[in-house]
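Note sheet for the following structure.
The values are calculated or read from the model by the stated rules, or taken from the named source; none is laboratory data. This is a predicted model, so every value here is computed, not measured. Note that each Cβ is placed from the backbone with ideal geometry, even for glycine, and that neighbours are counted across all protein chains shown. Only protein heavy atoms, including side chains, enter the accessible area calculation; ligands, DNA and RNA are left aside. Shrake-Rupley method; radii C 1.70, N 1.55, O 1.52, S 1.80 Å.
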Amino acid sequence: MTITVMADETPIPSLPPSPLEKVRTFPTGTGIYLMKDAEGKVVYIGKAKNLRSRAASYWNKDAPNDTRIRDWIGLVFDVDYIETEDEIASMLVEARMIKDLRPQFNKSLKDDKTFPYLQIRTREEFPRVEITRSPRRRGVRLYGPFTHTGQLRAAVYVLQRIFQFRTCTLDIASDDKRWKWFRPCLLHSIRRCTGPCNFRVSRDDYRRQVKKLIFVLEGKKSKLIARMEKEMRLASEALNFEKARRLRDEITALQNLDLRGDLDRDAQPEVFPIDPKKGLNGLQQVLGLEKPPRTIEGMDIAHISGTDTVASLVSFLDGLPFKPGYRRFKIKTVEGVDDFASMREVVSRRFRRLRDEDEVFPDILVIDGGKGQLNAAMAAFKSLGIDPPCVISLAKQEEEIFRPGDSESIQLSRRSAALRLLQYVRDEAHRFAQHYHHMLRRKRLTDDL
């Protein structure tokens, strides 16, 4: 407490700054803020991309009407902050502080196992990184619990683009020669995994990747970058320019880590209030698959009276949209209104490329439409002379699922998790196709004018 001395030298204690006055002095970087009551007890913890702006928002003119905070904001007597290097670091610090301090007005963490953790299985030869609600007690590095699954998934998504660790459930052993013939999944093709399942990365190099990830998760990003810069210089001096270039790119990615993904934006939307895994398990049962599907692609055609005909392809990974896998096509060989011929063209173009480039097929291909669209897709596979993946179509009116060779459709309960996941894929393909069609049509009309 500061002391103000008056002219008669009678000391009068000055009032401490109000919480709003204090937050106006906060830095504008990322970090967490801690709301405290009159006794100094932390009652709420939050994270922010801009500490000053976010913390000050609790005292704006609309705050008294905000049902999330109006019952407790009046108890806040003081506010403090902790700066972090980036947004992902702030999420990790927030989780740790909530777990340790258990603030009264944060989401309750009385039963930690109901909340997600980030788990690294360090005892495996090629450690997997996974999100789990049932963490192991031994042989793992554990981070959490986290209160927001979507943000945790987004953080893993961002980090995986840099460190290319595996998130699959495979039990990979270096002395098992079968893995030499194993075909890596989609994540290897898009450079989000180095492919240990096919020994495309050595055990030691892969473990170094995971060690770098652990450095970031434990708040040692600056120390890691310093090490990598030294390693890059040594590689350059040894004329190993490929290694030096790779390290340079990784360093740049780490320095811009908070710019590589927005946790609110990258936390993909979920249109059903259930775990996407339930939808995937449901699809395994309904479609008779050997295991739950990981990758699903959806296709749709869009046009107006046969003009500016386009097609969309959307990609889902583990039941959520995978935006880097989205593709769009201009239909080139079809004139006028012919959705069936358009579907044949886009399926042929997509899977011819996958075949020629030896890329992995999706587990399920969802066609927007009925039997006609499904038959057109199957005709494309026949003309290519390749075995298709599991192909189905979903008709809008009755939400019927059609399969090749089956005269009867499959009709699921409207509450079925499997159906709702298929609807999500279908509707996303439709949205993406319409968006591209409107772009082309607007451009054509502008050019005409």
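Tabulated values for the structure
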quantity: The stretch 370-420: trypsin sites (Lys or Arg not before Pro) in DSSP coil with no more than 11 other Cβ atoms inside 10 Å; calculated: ARG414, ARG415
quantity: Residues of the chain: accessible area per residue with a 1.4 Å probe, Å²; calculated: 55
quantity: Among [x] 27; [y] 32; [z] 42, the entry that matches percent of Cα pairs over 37 Å apart as calculated here; calculated: [z]
quantity: Trypsin sites (Lys or Arg not before Pro) restricted to the stretch 294-359 and DSSP loop, no more than 14 other C-beta within 10 Å; calculated: LYS332
quantity: Cα centroid of the stretch 148-168 to Cα centroid of the stretch 183-233, whole Å; calculated: 13
quantity: Nearest-ten-degree value, helix 417-448 long axis tilted from longest Cα axis of the chain; calculated: 80
quantity: Cα-centred dipole magnitude for the chain, charges only on beta-carbon of K, R (+1) and D, E (-1), debye, nearest 20; calculated: 1220
quantity: Whether the stretch 333-381 is rounded, prolate or oblate, judged on the alpha carbon gyration tensor where a/c under 1.5 counts as rounded; calculated: oblate
quantity: Simple spin-label estimate for ASP318 and GLU357 in nanometres, 7 Å along Cα-Cβ; calculated: 2.3
quantity: Cleavage-rule hits (GluC sites (Glu not before Pro)) in the stretch 343-376: DSSP loop, at most 11 neighbouring Cβ within 10 angstrom; calculated: GLU357
quantity: Using alpha-carbon coordinates, inclination of helix 149-163 to the longest axis of the chain, degrees; calculated: 80
quantity: Fraction of accessible area attributable to carbon and sulfur, the chain (%, probe 1.4 Å); calculated: 48
quantity: Value at 222 nm in deg cm²/dmol, rounded to 500, when DSSP H runs of n ≥ 4 in the chain each add -39,500 (n - 2.57); calculated: -12000 deg cm²/dmol
quantity: Normalised contact order of the chain, rounded percent, pairs of Cα under 8 Å and 6 or more residues apart; calculated: 10
quantity: Using alpha-carbon coordinates, inclination of helix 87-101 to the longest axis of the chain, degrees; calculated: 60
